[in-house]
């Protein structure tokens with residue numbers, strides 16, 4: 001392995017043309033983008049001074065697009081994206097966090113059998129059943145704690161705190177603090 | 001292994017920081033563990049003898065961060081993100097994807113201001129557990145997989161869940177259950 005590929009010293013211009021990088025970004029590990037295969041334009045937008053550390057990965061399907069606002073810090077954000085995931089400004093995502101806008105497989109057992117066949121190493125992926133995809137919006141100044149999981153269709157309001165290990169399945173109000181699995185409000189915060 | 005040198009087996013072309021002490025017969029997978037290391041303490045990381053620090057472990061220390069790992073420890077994959085003092089007692093076992101951190105939303109370089117973390121001797125921390133600022137884990141205690149530990153764990157207790165609760169106990173050394181020969 002080339003050390004430059006893991007210390008932010010690689011050439012960011014080698015990223016696909018549909019990746020837009022703002023001024024002052026730090027992209028530590030080239031491999032963070034190894035599973036980026038969006039066919040949208042832009043498929044990934046990073047604002048100014050976004051820090052992307054080594055554990056972050058952008059697993060973006062052809063149909064997906066991720067947008068991250070200015071000054072956000074992505075430590076260990078694993079994006080699983082088939083639609084739209086947006087992060088606002090100054091969002092902090094800590095270690096070992098997953099953000100997934102789809103379950104990526106159908107819930108119905110018969111459809112899941114068809115999905116399994118289509119996903120076989122030599123299967124025909126064009127025969128996969130349609131995925132349910134619902135957008136995720138994480139607003140400005142949100143903190144997402146270590147090991148948290150954010151699932152499809154969730155909006156996390158401005159300034160909210162997601163505590164370590166929380167599994168977020170529902171919207172989070174502006175300024176609230178949530179914790180647990182499934183995540184529950186532990187502090188409503190100051191009313192806006 | 002001496003500090004200020006590269007590891008013979010290393011792929012990552014950096015030296016071990018000067019303020020790191022690694023004891024006899026201990027193993028460190030790579031200087032990559034110090035990717036975000038900023039400790040300026042006289043001794044930022046001290047590892048005892050016969051301990052293994054394996055792939056996936058990282059010392060994410062801020063300028064005031066200090067880590068002390070005892071003898072005969074196996075650190076399979078712990079991220080230690082602190083600007084305070086973290087102590088891991090002898091014979092402790094930490095599984096993969098475990099995070100010890102100053103704050104819920106910790107970032108590299110340990111900007112947190114919380115108190116340190118202390119694990120007693122012979123602790124066992126299960127995979128994906130999270131230990132947060134100020135936690136003291138007593139000797140011989142077991143932390144279950146994916147537990148989120150915010151409060152002290154008594155010696156020889158088993159804790160699990162989010163937030164972690166005491167769910168059982170392990171046998172104390174020298175205490176025998178009935179029925180045996």
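The values are calculated or read from the model by the stated rules, or taken from the named source; none is laboratory data. Computed from a prediction, not measured in an experiment: that's the story for all the values here. As a convention, Cβ positions derive from the backbone with ideal geometry for all residues, glycine included, and neighbour counts pool all protein chains shown.
Okay, here's what the table says:
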{"item": "Any hit, the stretch A:122-138, residues being buried (at least 19 other Cβ atoms within 10 Å of the Cβ) and in a helix (DSSP H, G or I)", "result": "no"}
{"item": "Of all residues making up the stretch B:37-57, the number that are surrounded by fewer than 18 Cβ atoms within 10 Å (Cβ to Cβ) and either within 13 Å of chain A (Cβ to nearest Cβ) or free of Cβ contacts under 8 Å to residues at least 24 places away in the same chain (or both)", "result": "3"}
{"item": "Condition broken by residue A:13, with the remaining ones in (1) outside any loop (DSSP other than H, G, I, E, B); (2) in contact with a strand residue (DSSP E or B) (Cβ under 6 Å, 6 or more places away or on another chain) satisfied", "result": "(2)"}
{"item": "When residues of the stretch B:13-36 are limited to those that are within 14 Å of chain A (Cβ to nearest Cβ) and part of a loop (DSSP other than H, G, I, E, B), the one surrounded by the fewest Cβ atoms within 10 Å (Cβ to Cβ)", "result": "B:13"}
{"item": "Residue B:10 surrounded by fewer than 17 Cβ atoms within 10 Å (Cβ to Cβ), closer than 16 Å to residue B:107 by Cα and either within 14 Å of another protein chain (Cβ to nearest Cβ) or without any contact (Cβ under 8 Å) to a residue 60 or more places away in the chain (or both)", "result": "no"}
{"item": "Qualifying residue in the stretch B:76-90 (condition: within 14 Å of chain A (Cβ to nearest Cβ), over 13 Å from the mean Cα position of the chain (by Cα) and over 21 Å from residue B:167 (Cβ atoms))", "result": "no"}
{"item": "All positions within the stretch A:50-100 that are more than 14 Å from every other protein chain (Cβ to nearest Cβ), farther than 19 Å from residue A:157 by Cα and assigned to a loop (DSSP other than H, G, I, E, B)", "result": "A:61, A:62, A:63, A:64, A:82, A:83"}
{"item": "Residues located in the stretch A:143-167, provided they are assigned to a loop (DSSP other than H, G, I, E, B) and buried (at least 24 other Cβ atoms within 10 Å of the Cβ)", "result": "A:145, A:146, A:147, A:148, A:160, A:163, A:164, A:165, A:166"}
{"item": "Residue match in the stretch B:131-140 (condition: within 10 Å of chain A (Cβ to nearest Cβ) and buried (at least 22 other Cβ atoms within 10 Å of the Cβ))", "result": "yes"}
{"item": "Residue, farthest from residue B:46 (Cα to Cα), within the stretch B:91-125, restricted to residues that are surrounded by fewer than 24 Cβ atoms within 10 Å (Cβ to Cβ), modelled with pLDDT of 95 or more and more than 14 Å from chain A (Cβ to nearest Cβ)", "result": "B:124"}
{"item": "Among (1) within 13 Å of chain A (Cβ to nearest Cβ); (2) surrounded by fewer than 16 Cβ atoms within 10 Å (Cβ to Cβ); (3) touching a strand residue (DSSP E or B) at 6+ places or on another chain (Cβ under 7 Å) - the single one residue B:128 does not satisfy", "result": "(2)"}
{"item": "Conditions (1) surrounded by 17 or more Cβ atoms within 10 Å (Cβ to Cβ); (2) touching a strand residue (DSSP E or B) at 6+ places or on another chain (Cβ under 8 Å); (3) under 23 Å from residue B:97 (Cβ atoms): number failed by residue A:65", "result": "(3)"}
{"item": "Test: residue in the stretch A:16-26 that is without any contact (Cβ under 8 Å) to a residue 60 or more places away in the chain and within 14 Å of chain B (Cβ to nearest Cβ)", "result": "yes"}
{"item": "Candidates B:2, B:39 - the one that is at pLDDT below 95, over 24 Å from residue A:2 (Cα atoms) and in a loop (DSSP other than H, G, I, E, B)", "result": "B:2"}
{"item": "Filter result (within 14 Å of another protein chain (Cβ to nearest Cβ) and on the phi < 0 side of the Ramachandran plot) within the stretch A:128-148", "result": "A:138, A:142, A:143, A:144, A:145, A:146, A:148"}
{"item": "Tally of residues being surrounded by fewer than 14 Cβ atoms within 10 Å (Cβ to Cβ) and closer than 21 Å to residue A:83 by Cα across the stretch A:14-34", "result": "2"}
{"item": "One residue from B:167, B:159, B:175 being in a strand (DSSP E or B) and surrounded by fewer than 19 Cβ atoms within 10 Å (Cβ to Cβ)", "result": "B:167"}
